[in-house]
Each structure stands twice: as C-alpha cells, then as structure tokens.
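*Asks:* Below is the structure I would like to discuss, written out as structure tokens.
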Amino acid sequence: MTGNHFDQPIGESEPIPEGAIGHRVAPGAFARLAPEAAREDRPARPRAFGSRAGTISGYVLVALATGMVMMFLWRDADAGQMPVLVLKEDLPAHRMLTEDDVTLSTATSAGKDGYVSLPVTGRLTLRAVKKDQPLTKADLSPDVTKVLGTAPVVVGVSVPHPGGLNGALQSGDRVRLLLSGATGVRAEVDAFVLSVASGGAGRQASLVVALRRKDAERHAAALLEGNILVVKRVRA
C-alpha cells in the first residue's frame, strides 16, 4: 500500500523527527522520580504541636507551683519559720525510712540546729514519731544500710553494766559487739544502738540494737547468753 505507513517494511520503524528527540532517561528512572512528584503534588499537611505544647505547659505549671511554694516558705522564714521535714503518717520506733515517707512543712527556726535534712533513706526511727512532727536528729539513727545492708534486724540484748560503757552509750551510736564464751571472744559484729535502758549500778543494761540479719541468725545463742562487751570508737 502506497502513501501510508503500511508501505514501510516490517521491522523498520518510522524515523523520529529530529526535533522530537528529547533527553535520554535510564530505565526505571521515572519509577524513582514518580513518588517524588507525587509528594510534591500532595497538599502539605499541617504539623501537630499539641502534645509538645501540652508537655511545655506542664513544665510551666510545675515551675509556677514550685515558685509559689518557695515564696510561701520564704515568707514564713521571714516570720521566724523555716522549711523542715515531717512524716506523712505516724511511724513506730525502729522503722526504716525512705524519701517517700517525708514531705516539706515549716516550723520555728529556733530549733534549726536539731532538724534533719535530706537524705533520710536508710535511717531508722529511734522512737515513735507523729505525722507532721518536725524530724530532729534525736528521732533518727544514722544511715544503717552502709554498714548493715538494706534488711537489718532489731534485737534486744542484755550486757553487764560495765560492758555497756557505764551509761556512756547513746541512741544512734555505732558500736562493735564482742560475743564471748568459755574459750574467749567467739565473734565480733557491727551494730547500731537504738535505745539504752540501764538497770542501775552493778546491774545488766538492756540495749536495743540493729544488726545484720545473717549476724543475728548465726550468733543467736551468744546474743541470748548476754556475755557481750560493747566497743565504741572514740572520735577525736
């Protein structure tokens, strides 16, 4: 057929006009570019700042609340008051404290030298303490966990009056207990004195002490016998 494209032999293509030739594109290039084009055509989505703004607002509120608390505390300090630590609830004697057991309050600044400060974790109450009562050094032992671990036990023992240092022991003292027997000293254990009750001159003294659990279990018989010498380090 002459005059139309069927006259062209099979297998030969019609020449492409020179002006129609464009840039060469490697196979698959369009597939890689298509997603980019799709993203460009897609309407921009507004960014959400709600959660971040909420977090920032929370920080601002906490800062404002803290500032107000400190303002009231300083106002009370000017009136002869000062911040102190108090218990959130009544606690019996010989209870180990954590930071969760205390909160801030105010009390007269006249007793500031006797008030307890943070940290209180690991300290034992030496006597029953009421809720909202300012904590003083006379209420708490030192941190016993550094010596006795986190699970000490409280034990009552009797010692000869001279063995109890003739009344020189005080609540909160760190001591060494020498447990003696017929053949001499059988063991030495670390302890903290929680309370002292003297039976009078020449009589037994009763001590309440905190010990490591394993020491109390291992030397239970010797502790019951009462052949105990108390050794207290003398501070320079």
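*Asks:* Taking V147 as the residue in question, decide whether it is closer than 28 Å to K88 by Cβ and either small (G, A, S) or modelled with pLDDT of 95 or more (or both).
*Replies:* Working: closer than 28 Å to K88 by Cβ: yes; either small (G, A, S) or modelled with pLDDT of 95 or more (or both): yes.
Taking the combined requirement at face value, the residue satisfies it.
*Asks:* Find all pairs meeting these conditions: Cβ atoms under 9 angstrom apart; at least six residues apart or on different chains; first residue within the stretch 158-177 and modelled with pLDDT under 85; second residue assigned to a helix (DSSP H, G or I) and surrounded by fewer than 16 Cβ atoms within 10 Å (Cβ to Cβ).
*Replies:* Matching pairs, first to second residue: H161/G167.
*Asks:* Related question: Being at pLDDT below 95, closer than 18 Å to A138 by Cα and of a type in the set (D, E, K, R), is that true of even one residue in the stretch 101-124?
*Replies:* There is at least one residue in the stretch 101-124 that is at pLDDT below 95, closer than 18 Å to A138 by Cα and of a type in the set (D, E, K, R).
*Asks:* Need a quick list: strands (runs of 3 or more DSSP E) entirely within the stretch 183-236 having at least 3 residues that are at pLDDT below 85 and more than 29 Å from the chain's Cα centre (by Cα). Talk me through it step by step, then tell me what you get.
*Replies:* Values: elements: 184-198, 205-211, 228-232.
By residue number, 184-198.
*Asks:* Can you tell me which residue within the stretch 136-150, out of those that are part of a loop (DSSP other than H, G, I, E, B) and free of Cβ contacts under 8 Å to residues at least 60 places away in the same chain, is surrounded by the fewest Cβ atoms within 10 Å (Cβ to Cβ)? Explain how you work it out, then say what you get.
*Replies:* Narrowing the stretch 136-150 to residues part of a loop (DSSP other than H, G, I, E, B): 137-139, 144, 149-150.
From what is left, the residues that are free of Cβ contacts under 8 Å to residues at least 60 places away in the same chain are 137-139, 150.
Details: K137: 14, A138: 12, D139: 24, T150: 9.
Across the stretch 136-150, the extreme among qualifying residues is T150.
*Asks:* Filter the stretch 84-124 down to the residues that are touching a residue at least 60 places away in the same chain (Cβ under 8 Å) and not aliphatic (A, V, I, L, M) and list them by number.
*Replies:* Our first condition is that a residue be touching a residue at least 60 places away in the same chain (Cβ under 8 Å); within the stretch 84-124, this holds for 93-94, 124.
The one that is touching a residue at least 60 places away in the same chain (Cβ under 8 Å) and not aliphatic (A, V, I, L, M): H94.
*Asks:* Which members of the stretch 64-95 meet the condition of being touching a Lys or Arg at 6+ places or on another chain (Cβ under 7 Å), at pLDDT 95 or above and crowded, with 17+ Cβ neighbours inside 10 Å?
*Replies:* Taking the stretch 64-95 and keeping what is touching a Lys or Arg at 6+ places or on another chain (Cβ under 7 Å), we get 82, 87-90, 93.
Remaining after also requiring at pLDDT 95 or above: 87-90, 93.
Hit for the stretch 64-95 is L87, nothing else.
The values are calculated or read from the model by the stated rules, or taken from the named source; none is laboratory data. Keep in mind that this is a model prediction, so the values were computed, not measured. All Cβ positions, glycine included, derive from the backbone under ideal geometry; neighbour counts span all protein chains shown.
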